[in-house]
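Chemist: First the structure, then my questions, so here it is.
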Amino acid sequence: MKTGLLLGAGFSYDFGMPISRELTEIFLNLFNTRNTRSLIIGIANHQPFGVDRPINKTAITEAFDLLMAYKEKKIENYEGLLSEIQALGDDYAKNQSDRDSYHYVFGLFYEIIHKILSIYQSESYKTLYQKNIKWFSKLENILSTEETWVFTLNHDIFLECLAIDLGIPVTYGTTGSIEFPVSNLEMGEKIEFSTIDRDSYSIDNSSFLAGKKGINLVKLHGGLTEHSYNNEGTICNQNLKNITSKALMSDFHKIQRMAYYHQGRKVPDGKDRAITNIHGELDLISKAMLTGGKKYSKTANPKKGEEKLILFDKILDQLDELTIIGYGFGDKHINFRIANSMARRDNLSVRIIDPIFRNIPEFLEPFNYDNRIHRASCGAAHWIDYSKSQKWDTEQIEALKENALMRSEIKHKVESILRSGKVNRWSYQDSVDT
């Protein structure tokens, strides 16, 4: 039987990564009435799109008012906030200055979210990864006898860490590589990315594994280390040639440090990053983490830039079973494609793994017949063991319960780092008091 995996946030829960509610709380708690007022003034004095395309205080204030409304109403959905700001930026009833203002604020919020997740990746690895890897050590239990296509909605690199430490071949399907210095102040310190041209990102790519055990990993929503280069024509991923997760994390930290310095000062980061090329010159690379309301378009026809979604469609046409772990079914572009494939293929079944027993998602209800939908109320690690042994491991269950306290410790550590100013929190004004 050919199986594929779709991973949501629940897969990385026991490694310490935040759920949406926790991430939203940390993000919103960075803002209050006093510092928001200062931020609006500081942003309005910028000219990010040039003198001829000024941004304005009124639109910037409207975006921040939305943020403060989310905080006051305790709306635990940072992506909803980002989606609303994106929608304002795409509203052509607004003038150009307004739209530019919304886009700029969205970019600032995007950068903060990216930094929070990057800190989480680092702190979670240090705190929980080594403690919990043994409970994921039988990962091969849920892989096919030949290649397994794994589609993940997560931005972290914990699946890559697991595959490397457990000796499971894993690939992004990359075909080349490119090297950058960490910065023009550290020309001797290099970081290598594996690369694939966007036009080559397809099921026919010979760099994906075929006919042998291993993982073809597709990060449907991008990731913390994934970037676009050459006007988004090239996808750059962290190199997976490392022999340990520790080495992979070392590269992760190098990627976070990539920069270009002008007169001794770091050129500010945003979604588009100022980095250094191999000649010591200023270069640009774009973060490829997808968040907000515009991850993908709303229509089903294939489009440039949506190669990963097209690949997801094609692989669904080949699978006997799709195992869905820790996904809350909040992405319409994913749900639609699963439903569409279930409607086309009577021999495709779905297995939903979630520690919280929920009703079958509405879009899957029409296919709840002939044993096509299976469910298990457990976490990722529990299922990895149970799927083969058909027995629950009580030692594992008790050990994983301890993660709740350690997850709280990680959250406090992330908040402490943000408050301390040890990271460059604001890409436009380091001195803002938060």
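Chemist: What shape does region 206-298 have by the C-alpha gyration tensor, where a ≥ b ≥ c are the square roots of the eigenvalues, rounded means a/c under 1.5, and otherwise prolate means a/b greater than b/c and oblate the rest?
Modeler: oblate
Chemist: Bin by bin, in steps of 10 Å, what percent of the Cα pairs in region 307-391 do you find, going until the bin that has the longest distance?
Modeler: 16, 50, 31, 3
Chemist: Let's test this: bin the Cα-Cα distances of region 137-293 at 5 Å from zero up to the farthest pair and state each bin's percent.
Modeler: Here the calculated profile for region 137-293 is 2, 9, 17, 21, 20, 14, 9, 5, 2, 1, 0, 0.
Chemist: Same structure again: What is the distance in Å between the Cα centroid of region 368-411 and that of region 94-126?
Modeler: Taking the Cα centre of region 94-126 as reference, the centre of region 368-411 is 32 Å away.
Chemist: Mind listing which GluC sites (Glu not before Pro) in region 201-283 are in a DSSP loop and have 12 or fewer other Cβ atoms within 10 Å?
Modeler: Glu281
Chemist: Under 14 Å from the Cβ of Asn205, count the other residues' Cβ atoms, weight Lys and Arg +1, Asp and Glu -1, and hand me the total.
Modeler: The answer is -2.
Chemist: Restricting to DSSP H runs of at least four residues, report the calculated mean residue ellipticity at 222 nm for the chain, -39500 (n - 2.57) per run over all residues, nearest 500 deg cm²/dmol.
Modeler: -11500 deg cm²/dmol
Chemist: Select from His114, His279, His253 the residue whose mean-square fluctuation is largest in a Gaussian network model of the chain (Cα-Cα springs shorter than 10 Å).
Modeler: Its mean-square fluctuation being the largest, the pick is His279.
Chemist: So if I restrict to the alpha-carbon atoms in region 114-222, what is the Rg, and what is Dmax, the biggest pairwise distance, in Å?
Modeler: Over region 114-222's Cα set, Rg and Dmax evaluate to 15.9, 48 Å.
Chemist: Exposure proxy check: Thr3, Thr299 ranked by fewest other beta carbons within 10 Å?
Modeler: Lowest to highest Cβ neighbour count: Thr299, Thr3.
Chemist: Could you size up the charge dipole of the chain around its Cα centre, putting +1 on the beta carbon of Lys and Arg and -1 on that of Asp and Glu, and report it in debye to the nearest 20?
Modeler: The calculated dipole for the chain is roughly 500 debye.
Chemist: Which of Gln390, Gln256, Gln238 moves the most in a Gaussian network model of the chain with Cα springs under 10 Å?
Modeler: With Cα springs under 10 Å in the chain, the top fluctuation among Gln390, Gln256, Gln238 is at Gln390.
Chemist: Kindly give the semi-axes, whole Å and largest first, of the ellipsoid equivalent to region 1-119, taking each as the square root of 5 times a Cα gyration tensor eigenvalue.
Modeler: Square roots of five times the eigenvalues give 31, 18, 13 Å.
Chemist: Apply the a/c threshold of 1.5 to the C-alpha gyration tensor of region 279-434 and tell me whether it is rounded, prolate or oblate.
Modeler: Verdict is oblate for region 279-434.
Chemist: Just how far, in whole angstrom, is region 150-166 from region 322-357 if you go by their alpha carbon centroids?
Modeler: Cα centroid to Cα centroid, the span is 20 Å.
Chemist: Okay, moving on. Between helix 245-257 and the chain, what is the angle of the helix's C-alpha long axis to the longest principal axis, kept within 0 to 90° and rounded to the nearest 10?
Modeler: Tilt of helix 245-257: around 20 degrees.
Chemist: At most 10 other Cβ atoms within 10 Å plus a DSSP loop assignment makes a site exposed; report the longest stretch of the chain without any exposed trypsin sites (Lys or Arg not before Pro).
Modeler: Maximal segment without exposed cleavage sites: 75-211.
Chemist: Still on this structure, please answer the following. In whole Hz and in residue order, list the ³J(HN,Hα) couplings for region 346-351 that follow from phi through the Karplus curve 6.51 cos²θ - 1.76 cosθ + 1.60, θ = phi - 60°; x for Gly and Pro.
Modeler: Residue by residue, region 346-351 yields 5, 8, 8, 10, 10, 10 Hz.
Chemist: When only alpha-carbon atoms are used, what values of Rg and Dmax, in angstrom, describe the chain?
Modeler: Reported Rg and Dmax, both Å: 21.9, 68.
Chemist: Further, regarding this structure: What's the longest bit of the chain with no exposed chymotrypsin sites (Phe, Trp or Tyr not before Pro), using DSSP loop states and at most 15 other Cβ atoms within 10 Å as the test?
Modeler: After excluding every exposed loop site, the longest remaining stretch is 93-356.
Chemist: Using +1 on the beta carbon of Lys and Arg, -1 on that of Asp and Glu, and nothing else charged, what's the dipole of region 137-293 about the Cα centre, debye to 20?
Modeler: Charge dipole, region 137-293, about its Cα centre: 380 debye, nearest 20.
Chemist: Something else about it: Please list, in chain and number order, the residues 5+ apart from Ser349 or on another chain whose amide H is under 5 Å from its amide H, with Hs placed from the backbone.
Modeler: Under 5 Å from the amide H of Ser349: Glu321, Leu322.
Chemist: Neighbouring Cβ atoms within 10 Å as the yardstick, rank Cys378, Cys236, Cys161 fewest first.
Modeler: Fewest to most other Cβ atoms nearby, the residues stand as Cys378, Cys161, Cys236.
Where a number appears in this text, it was derived from the coordinates with a stated rule and is not lab data. Just so you know, these numbers come straight off a predicted model, no measurement behind them. Ideal geometry is used to build each Cβ from the backbone, glycine not excepted, and the neighbour counts take in all protein chains shown.
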